[in-house]
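Okay, so here's the structure we're looking at.
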Amino acid sequence: MTIHLNTDKNLTIHQEYEDKIQTQITDALSRFSDLITRVDVHLSDENGSKDGLEDKRCLIEAKITGKEPIAVTNFGNNYDLAIAGSLSKMKSALEKIAGKMKAH
């Protein structure tokens, strides 16, 4: 499972934080590593340099072997909350897909 991290022009991620995000994603989705070939993570700040609530956005797209890619989005007050919410949504979506694949 390859993980690619993308950010908008309003965000610069230091290597330590990028490593933390990669580890968080790997740990959360490791159960589905046989299904997923690639994970794209897109972090953005919807309000740019202005302050705002729930303006940090995390979109996670998972490319699944033999299936269409799936994507989930979550907003949070900070990137950690946005990522955690997106991972929770992605795990739920992958559980449904894995269940359907095992049923067939």
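The values are calculated or read from the model by the stated rules, or taken from the named source; none is laboratory data. Just so it is clear, the structure is predicted and the values come from calculations on it, not from any experiment. Because the Cβ atoms are built from the backbone with ideal geometry, glycine has one as well, and the counts that use them run over all protein chains shown.
Six or more apart or on different chains, Cβ under 6 Å: which pairs go from a residue in the range 89-104 that's under 16 Å from residue 33 (Cβ atoms) and aliphatic (A, V, I, L, M) to one that's crowded, with 17+ Cβ neighbours inside 10 Å and modelled with pLDDT of 85 or more? Could you list them? Filtered contacts from the range 89-104: 90/60; 90/72; 93/70; 94/32. Residues in the range 7-30 that are surrounded by 13 or more Cβ atoms within 10 Å (Cβ to Cβ), of a type outside the set (Val, Ile, Thr) and under 20 Å from residue 62 (Cβ atoms): 18, 20, 22, 24, 28, 29. Beta carbons closer than 8 Å, at least 6 apart along the sequence or on distinct chains, pair a first residue in the range 64-85 that is of a type in the set (Val, Ile, Thr) with a second that is in a loop (DSSP other than H, G, I, E, B) and surrounded by 17 or more Cβ atoms within 10 Å (Cβ to Cβ) for 64/35; 65/35.
Is it true that some residue in the range 54-63 is surrounded by fewer than 12 Cβ atoms within 10 Å (Cβ to Cβ), modelled with pLDDT of 85 or more and not aliphatic (A, V, I, L, M)?
Of the residues in the range 54-63, the ones surrounded by fewer than 12 Cβ atoms within 10 Å (Cβ to Cβ) are none.
No, that holds for no residue.
Please tell me if residue 91 is surrounded by 13 or more Cβ atoms within 10 Å (Cβ to Cβ), under 25 Å from residue 18 (Cα atoms), at pLDDT 90 or above and in contact with a strand residue (DSSP E or B) (Cβ under 9 Å, 6 or more places away or on another chain).
Values: surrounded by 13 or more Cβ atoms within 10 Å (Cβ to Cβ): yes; under 25 Å from residue 18 (Cα atoms): yes; at pLDDT 90 or above: yes; in contact with a strand residue (DSSP E or B) (Cβ under 9 Å, 6 or more places away or on another chain): no.
No, not satisfied.
Look at the range 1-20: where a residue is closer than 24 Å to residue 37 by Cα and a partner is among the basic types (Lys, Arg), sitting 6+ places away or on another chain with Cβ atoms under 8 Å, you get 1/38; 2/38; 3/38; 4/38.
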